[in-house]
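The values are calculated or read from the model by the stated rules, or taken from the named source; none is laboratory data. On a predicted model such as this, the values are computed, not experimentally measured, just so you know. Glycine also receives a Cβ, built like all others from the backbone with ideal geometry; neighbour counts cover every protein chain displayed.
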Amino acid sequence: MVRTIVDDRLWVLESTDVAYACGVSDSGDLLHSYFGAPLAFERDYPPALSFPISVPFSGVAENSPEEYPSWSGAMYTEPCLRVSFPDGTRDVRTRYVGSQLSSGGNDSGTSEGDNDTLEIRLEDGDRGIRVGVFYHLHPESRVIERWAKITNAGGMPVRLDQVMSASLALPESYSYRISYLSGRWGAETQLHRRMLGTDVTVLESRRGHTSHEFNPWCALDPGGKATEESGEVYAVGLAHSGNWKIVVQQTPAGRTRLVAGIHDFDFNWELPPGDSFETPRLLLAFSGEGFGGTSRAFHRHIRKTVLPEQHRDELRPVLYNSWEATTFNVSEDHQIRLAKRAAELGAELFVVDDGWFGKRNDDTAGLGDWYVNPEKFPRGLGPVISAVREMGLRFGLWVEPEMVNPDSELYRKHPEWIYHFAGRAPTLMRNQAILNLGRPDVQEFVISFMDRLLAENRIDFIKWDMNRTITEPAGLDLPAERQREVWVRHVQGLYRAVEEIRRKHPDVIFEDCSGGGGRVDPGILRLFDQVWVSDNTDAYDRLFIQEGYSQVYPANTMVSWVTSTGGPLGQRQVPLEYRFHSSMTGVLGIGDDILSWSDEECRKAASLIAEYKEIRTVVQRGEQYRILSPAGGAVAAGTTAVAYVSPDREEAVLFAYRNGPHFRNPMPVIRVPGLAAEALYTVKGAEPATLSGDALRRVGIRLNLIRDYDSLIVRFRRAQHAG
Ligand code: GLA
């Protein structure tokens, strides 16, 4: 149950295992009080107090645990808000003016009830700046959303120079360890952990999309003591798909503070009188049960609240994608032959990737010309779609709507539509320029060609790609001093276009892609049902990418293809079972040239796909437990293990992979958490046994993993109550 207690000066948002409190100090500042497990009594929540001592050369402002600090006075740590006024003043002093409970503050999906959103209102009366600081605790996931809304209530336009989503003061007197995700193309979401020092840690993207380099998530655990299933962890995830920044630092008085939101690099936003700016949501999770606890909270939240409602509760289909089999060489006949084989193997959705449109024979031309290529599909897409449907498959298509090749009809017609600085050559990446989605006419172009494509063809699925980053961020139909709004306007334009297309075609499933996992965040997942996580389909590398991805994002969004060994990214030789087992931990796909598979490979693949269909409800909807990390190496005899437990704990699936024998280490014993302690489970896929959830968690089972790249799926089903 959520209790939102509104007192004069202290607010507590409380649910079964999370509580968050903040309050107003005597001086009218909104200060942090508490975040963690619920306390026994209401009176236990500490009052909001300014930092009691001031350190010479450092004022109260930067040491107080402000919930939404603005830049003013002796404030040298990261602020949430910086504003410039027409007279040159850059100083905002907000004070508490009131609070209110309202409903419908949740634009990320469902409304869970009335009066579920707390708004605390701050104001700089002199300067007419109003700040709404918002809190929404989701009772089912126990995730707290925080965001802010800035309103110009004065008579003159003002400029926002920085406007973050929230600031979070971590409990005092600890040093913290940070966990974060970094990487690059083909190696996204690699998990890193290190103790924080007295330096400033910045995770960020300045690339115009969420980025392959960092994902907008981090977790902090006091003293670096948490494990996967124990210890306190505070985690945040930012719902924004453009430039973002998370700053973690100690105040001079030694308290750790986190600020997150839209990046202030090359950013500003003009706010005319009466206008407001609302920030993206910051998701906060706390768990007393380790990193796994916060991940499961995020998974529940994204599955139940964030993902588009239309397909939220549907199981994701097994898909086949032709990209690695054909690259740009698509043709009617070949696609139909691939689809026939895919259907025989058990796939449920057939996706034609890049190359079907315009003069698209390689990556130098065609983007922007969204008509069917007449040489490759002389009769249009109709015959392929009909053939695919007759085979019982759904049909999907790749698009990259935000892009244009200079060698295209669209560019020749509208050279002014790309981001560029006047009179200077735009930077091309993958031979393409990026369309200015900040412009309403460009948004209309995208909405209307997508609408036409989906209206004229029976398409069930769209893979929406974005294969470059933003450069030369200018070209808005706005004065020169407002060109820095591009970064945010692109994201807003994208969100608007996808929302509109989805509204017109609610049955279509949308997959998010940006050269693999370049645009994954809780913001994009409001509009996309699933994600192509990486172009790297090496089954072993994927274990690392998927471990990182799963810190935040649930398995029913994580698309993973089985491809060939020795493929485009120099993959290692890995058995087919291992490749399947690696991909079966998310949304299973096949991305290989399946026409070249031997009968034996086809037979094995068909049986693995059938097995996936048996377990996918547990995988896609279950609670995930990361048991052994792929980075664990010799510690766990080179074994990786991850399990999914159905929410009713009736069944579970364990995936285990051994990368190779190491120092003659014995076969690993895997302890499986998450099952009902006093229930008995039959074990299938390992030494047959009937064991209690308690024994599985505390004793575990030995797995017959011996050779290089051995892997196993073990299934547990509740037999009876032990009594
Ligand atoms: C990106 C995607 C790939 C594929 C290609 C097509 O790289 O990540 O899966 O769609 O584009 O050009």
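Let's see how each residue does on (1) out of contact with any Ser or Thr (no Cβ under 7 Å at 6 or more places or on another chain); (2) away from the ligand (no atom under 16 Å from the Cβ); (3) among the aliphatic types (A, V, I, L, M); (4) part of a helix (DSSP H, G or I):
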| site | (1), (2), (3), (4) |
| --- | --- |
| Ile501 | yes, yes, yes, yes |
| Pro506 | yes, yes, no, no |
| Val520 | no, no, yes, no |
| Gly589 | no, no, no, no |
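Among the residues of the stretch 426-453, write down those that are assigned to a helix (DSSP H, G or I), more than 17 Å from Lys413 (Cα to Cα) and either in contact with a helix residue (DSSP H, G or I) (Cβ under 7 Å, 6 or more places away or on another chain) or within 16 Å of the ligand (Cβ to nearest atom) (or both).
Ile447, Met450, Asp451
Table: residues versus (1) hydrophobic (A, V, I, L, M, F, W, C); (2) modelled with pLDDT of 95 or more.
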site: Ala480; (1), (2): yes, no
site: Val488; (1), (2): yes, yes
site: Pro522; (1), (2): no, yes
site: Phe544; (1), (2): yes, yes
site: Val552; (1), (2): yes, yes
site: Val574; (1), (2): yes, no
site: Glu577; (1), (2): no, yes
site: Ser583; (1), (2): no, yes
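Taking the condition within 16 Å of the ligand (Cβ to nearest atom), more than 23 Å from Gln335 (Cα to Cα) and out of contact with any strand residue (DSSP E or B) (no Cβ under 6 Å at 6 or more places or on another chain), does Leu478 pass?
So Leu478 does not fit the description; no.
Go through Arg484, Arg489, Arg502 for me and flag whichever is over 30 Å from Arg316 (Cα atoms), in contact with a Leu (Cβ under 9 Å, 6 or more places away or on another chain) and charged (D, E, K, R).
That would be Arg489, the only listed residue that is over 30 Å from Arg316 (Cα atoms), in contact with a Leu (Cβ under 9 Å, 6 or more places away or on another chain) and charged (D, E, K, R).
Scan the stretch 552-561 and give yes if some residue there is surrounded by fewer than 24 Cβ atoms within 10 Å (Cβ to Cβ), more than 15 Å from the ligand (Cβ to nearest atom) and of a type outside the set (S, T, N, Q), otherwise no.
no
Taking the stretch 119-151, which residues are buried (at least 23 other Cβ atoms within 10 Å of the Cβ) and over 20 Å from Ala21 (Cα atoms)?
Listed by number, the residues that qualify are Ile129, Ile150.
Any chance you could count how many residues in the stretch 390-410 are in contact with a Lys or Arg (Cβ under 7 Å, 6 or more places away or on another chain) and away from the ligand (no atom under 13 Å from the Cβ)?
Final tally of qualifying residues: 2.
Which condition does Trp398 not pass, out of (1) touching a residue at least 60 places away in the same chain (Cβ under 8 Å); (2) in contact with a Leu (Cβ under 8 Å, 6 or more places away or on another chain), if it passes all the others?
(2)
Output the qualifying pairs, or none if there are none: Cβ atoms under 6 angstrom, residues six or more apart or on different chains, first residue in the stretch 259-276 and under 16 Å from Val131 (Cα atoms), second residue among the acidic types (Asp, Glu).
Trp269/Glu485
Which condition from (1) among the polar types (S, T, N, Q); (2) surrounded by 17 or more Cβ atoms within 10 Å (Cβ to Cβ); (3) at pLDDT 95 or above is the one that Thr690 breaks?
If we test Thr690 against (1) among the polar types (S, T, N, Q); (2) surrounded by 17 or more Cβ atoms within 10 Å (Cβ to Cβ); (3) at pLDDT 95 or above, just (2) comes out false.
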